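The structure appears below as C-alpha cells.
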Amino acid sequence: MITGVVNADFEPIIPLSIRRSNGAVFLQDAIVDTGFNGWLSLPPDLITELNLIWKRRGRAILGDGSECVFDVYEAVVVWDGALLTIPVDEADSDLLVGMSLMEGYQLTIQVAEDGYVELRKRID
C-alpha cells in the first residue's frame, strides 16, 4: 500500500523513490494525475540530476488538443516495495504519477486539505 496526503492546492501527493544510475535512492513527492495516462513525468533538470537513460522520442495529444513531442527516458522506481523499470516522459512540470503506473491499484482520495491518499493493490 502507498499512502500520501492532499496538499493545500488539493493535489493528491505520494512519496516516490527513484533509483539513480549509481543505485542511490532519490525520494521526492509526486502528484497523482488521473488525467495523465503515462507512467511518470519528470522535469528536465531532475532527469539530468538522476542521470536517466534516454530511450526514444514520444508524442502526445494534450488536454487543449495540441500535440507535444518529448523525450522518453528509463528509470527504476520503488513502487509499493518492489523495483519497477518504467518509461519516464520529460515535461516542464511537477513530478506526475500517471495511470499506467497505478494500473492494478485502487486509488482513494479524501478531497480536503490534509486529506488521506491511498493506493492499494487490487486483489481479484
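Readers should treat all values here as calculations from the given coordinates under stated rules, not as data from a laboratory. Note that the structure is predicted; figures quoted are calculated from it, not measured. As a convention, Cβ positions derive from the backbone with ideal geometry for all residues, glycine included, and neighbour counts pool all protein chains shown.
Structure notes:
- Residue count for the range 54-71, restricted to those that are loosely packed, with under 11 Cβ neighbours inside 10 Å and either touching a Cys at 6+ places or on another chain (Cβ under 9 Å) or more than 12 Å from residue 91 (Cβ to Cβ) (or both): 10
- Test result for residue 46, farther than 28 Å from residue 112 by Cβ, surrounded by 14 or more Cβ atoms within 10 Å (Cβ to Cβ) and out of contact with any Asp or Glu (no Cβ under 7 Å at 6 or more places or on another chain): yes
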